[in-house]
Amino acid sequence: MDKEFFIYVLISCIKILIVFGVIQFMIISMIWIERKVMAHMQVRLGPMRVGPHGLLQPIADGIKLLFKEDIIPERADKLLFVLAPAMSLVPALITFAVIPFGDKVQIFGYSVDLVITDINIGFLYIFAVGSLGIYGIVMAGWASNNKYSLLGGIRASAQMISYELTLGISLIGVIMLTGSLSLVDIVNAQAKLWNIVLQPVGFFIYAISALAEVNRTPFDLPEAESELVAGYHTEYSSMKFAMFFMAEYANMITVSAIAVTFFLGGWQGPFLPPVAWFMIKLSCCLFCFIWLRSTYPRLRYDQLMHLGWKFLLPLSLLNILITGLVMVLKG
Amino acid sequence: MVQYLPILILLILAFGFAITNIVLSVLLGTQKPTPEKLTPYECGIDPVGSAHERFSVKFYLIAMLFVIFDIEVVFLYPWAVAFQSLKLFGFIEILIFVGIFLICYFYIWKRGGLEWE
């Protein structure tokens, strides 16, 4: 094994561990921030007891869930039931591999890209891996042997595949402007002007589709408490239940990071270091998730489907055509 | 192919994390199953019938439409990457492609394939 390869693997491992740790930390802090921000928007205090201002609440919740009884319902499909949470958490965690979070840096004479790996099909990788998460939800719904779970799982899959279409089409405008599927190239191309200025409609469609894709309010029908108890994770307890939540938060972080990379200039920005800019933009996107959750009521299922199929799909196609026309006219 | 190695490492790490979580909760949690605890939740009453019932045919329809449309979207990706060199030729080509797409789309719409009463 030659030295260069060994160093490449070593640097990759260090980057992976750091990114993995940061994502875990962000998931934990997002749970606290979401409860706190929503509480203050609803004029209450939120968690206050565990640690200063309830800061240790998510850790206490995690430890509590770890020691809870792990129930597998009778007549459930045991293998699928155990696999489902892993199947939804793993894709959520590995999508981050191609997202650049900073410029090249020099460490001990080695030039290190601040992205886990820069592959030339980064965009396809995100979509291929991102859609695998649906399997976890469908498996959970089917394996639980519970009517609510099944309905929640089917609803979730129909919703996610519907919005996956518009999610994919909304980003094509950016690909046309950049001429590359590599996320590093997409960020580099935005040095002068962010893509949100050139693709406002694309960003608008992406934002709505991403909300629906990660099952967040106002599109959280798969887990509509008033009709479906808890949807696909009704029968889950203990750490398996926590894993579905981790997957949801990891997905939120990923779609926000994609929004930052494709439309908001990635790590580009003046004065502050690139990583700081990336984190600031990411935090703003994540805050919008919470803000939207405490602002909007849940949609009805037929409204959700009409919005996706009858409004966003034609609009996203139109966006591509107009982008193409303008690019041809400008030469 | 060496760029894909970090993805493999990350995949192993994520799987390890998921499996550790499941195993830890089985090891640390108390296990006291009772027949009532193991029945599927149905708002407190005994479950009625099988849980794997038939569901609305519309979900199948959505799944089929997704497969058809998603294949068309896949064709758009290579086109988008090459668009800057294709110029006007590429634009006319995509007009025809999206035109066929839209004919199918409006046909499905008119036949009520996108309705949810």
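Can you list the helices (runs of 4 or more DSSP H) found entirely within segment A:202-318 that contain at least 2 residues being farther than 30 Å from A:Gln106 by Cβ and of a type in the set (Gly, Ala, Ser)?
A:238-263
If the condition is being among the aliphatic types (A, V, I, L, M), more than 8 Å from chain A (Cβ to nearest Cβ) and closer than 30 Å to B:Leu102 by Cβ, then segment B:38-64 contributes B:Val57, B:Leu61, B:Met64.
May I ask you to verify whether B:Ala82 is at pLDDT 85 or above, part of a helix (DSSP H, G or I) and over 20 Å from the mean Cα position of the chain (by Cα)?
yes
Exactly one residue out of A:Phe241, A:Phe287 is modelled with pLDDT of 90 or more, open to solvent by 10 Å² or more (accessible area, probe 1.4 Å) and out of contact with any Gly (no Cβ under 6 Å at 6 or more places or on another chain), and it is A:Phe287.
Just give me the residues in segment A:139-156 being in contact (Cβ under 8 Å) with a residue 40 or more places away in the chain and aliphatic (A, V, I, L, M), in sequence order.
A:Met139, A:Ala140, A:Ala143, A:Leu151, A:Ala156
For A:Ser182, indicate whether it is in contact with a Lys or Arg (Cβ under 6 Å, 6 or more places away or on another chain) and buried (at least 18 other Cβ atoms within 10 Å of the Cβ). Against the criterion (in contact with a Lys or Arg (Cβ under 6 Å, 6 or more places away or on another chain) and buried (at least 18 other Cβ atoms within 10 Å of the Cβ)), A:Ser182 does not qualify. The residue list A:Val90, A:Val115 contains one member that is closer than 30 Å to A:Asp70 by Cβ, out of contact with any Cys (no Cβ under 7 Å at 6 or more places or on another chain) and crowded, with 19+ Cβ neighbours inside 10 Å, which is A:Val90. On the stretch given as segment A:88-133, residues that are assigned to a strand (DSSP E or B) and either charged (D, E, K, R) or modelled with pLDDT of 85 or more (or both) total 3. When segment A:5-28 is filtered for residues that are exposed (fewer than 13 other Cβ atoms within 10 Å of the Cβ) and within 10 Å of chain B (Cβ to nearest Cβ), only A:Phe5 remains.
Name the residues in segment A:118-135 that are of a type in the set (Phe, Trp, Tyr) and buried (at least 22 other Cβ atoms within 10 Å of the Cβ), would you?
A:Phe123, the sole residue that qualifies.
More than 7 Å from chain B (Cβ to nearest Cβ) and either modelled with pLDDT under 85 or over 13 Å from A:Glu213 (Cβ atoms) (or both): which single residue out of A:Ser149, A:Ser170 fits that description?
The conditions single out A:Ser149.
Scanning segment A:43-87 for residues that are open to solvent by 30 Å² or more (accessible area, probe 1.4 Å), under 20 Å from B:Phe17 (Cβ atoms), of a type outside the set (Phe, Trp, Tyr) and outside any helix (DSSP H, G or I) turns up just one, A:Lys68.
Taking segment B:78-89, which residues are open to solvent by less than 80 Å² (accessible area, probe 1.4 Å) and either within 8 Å of chain A (Cβ to nearest Cβ) or touching a Gly at 6+ places or on another chain (Cβ under 6 Å) (or both)? Those that are open to solvent by less than 80 Å² (accessible area, probe 1.4 Å) and either within 8 Å of chain A (Cβ to nearest Cβ) or touching a Gly at 6+ places or on another chain (Cβ under 6 Å) (or both): B:Ala80, B:Val81, B:Ala82, B:Phe83. Where residues in segment A:157-181 are without any contact (Cβ under 8 Å) to a residue 40 or more places away in the chain and small (Gly, Ala, Ser), which of them is nearest to A:Leu299 (Cα to Cα)? Top of the filtered list is A:Ser157. Residues considered: B:Ile103, B:Ile96, B:Ile108, B:Ile92. Of these, the only one that is over 26 Å from A:Met139 (Cα atoms), touching a residue at least 40 places away in the same chain (Cβ under 8 Å) and either of a type in the set (S, T, N, Q) or more than 8 Å from every other protein chain (Cβ to nearest Cβ) (or both) is B:Ile108.
Residues of segment B:10-52 that are more than 18 Å from A:Phe81 (Cα to Cα), surrounded by 15 or more Cβ atoms within 10 Å (Cβ to Cβ) and within 25 Å of the chain's Cα centre (by Cα): B:Leu10, B:Leu11, B:Leu13, B:Ala14. Beta carbons closer than 7 Å, at least 6 apart along the sequence or on distinct chains, pair a first residue in segment A:109-131 that is over 28 Å from A:Ile161 (Cα atoms) with a second that is among the acidic types (Asp, Glu) and outside any loop (DSSP other than H, G, I, E, B) for A:Leu114/A:Asp103.
Of all residues in segment A:280-315, those that are polar (S, T, N, Q) and within 14 Å of another protein chain (Cβ to nearest Cβ) total 1. Among the residues here, B:Phe75 qualifies as surrounded by fewer than 16 Cβ atoms within 10 Å (Cβ to Cβ), of a type in the set (Phe, Trp, Tyr), touching a residue at least 12 places away in the same chain (Cβ under 8 Å) and closer than 14 Å to A:Ile172 by Cα.
In segment A:226-238, is there at least one residue being buried (at least 17 other Cβ atoms within 10 Å of the Cβ), at pLDDT 85 or above and either more than 28 Å from A:Leu193 (Cα to Cα) or not aliphatic (A, V, I, L, M) (or both)? Within segment A:226-238, none of the residues are buried (at least 17 other Cβ atoms within 10 Å of the Cβ), at pLDDT 85 or above and either more than 28 Å from A:Leu193 (Cα to Cα) or not aliphatic (A, V, I, L, M) (or both).
Considering only residues that are under 14 Å from A:Ser170 (Cβ atoms) and open to solvent by less than 30 Å² (accessible area, probe 1.4 Å), look in segment A:291-318 and name the one that is modelled with the lowest pLDDT. So, considering only residues that are under 14 Å from A:Ser170 (Cβ atoms) and open to solvent by less than 30 Å² (accessible area, probe 1.4 Å), the one modelled with the lowest pLDDT is A:Gly308.
The values are calculated or read from the model by the stated rules, or taken from the named source; none is laboratory data. These numbers were taken from a predicted model, which means no experiment stands behind them. Reconstructed Cβ throughout: ideal geometry from the backbone, glycine too, with neighbour counts over all protein chains shown. For accessibility, only protein heavy atoms count, side chains too; no ligands or nucleic acids. Shrake-Rupley method; radii C 1.70, N 1.55, O 1.52, S 1.80 Å.
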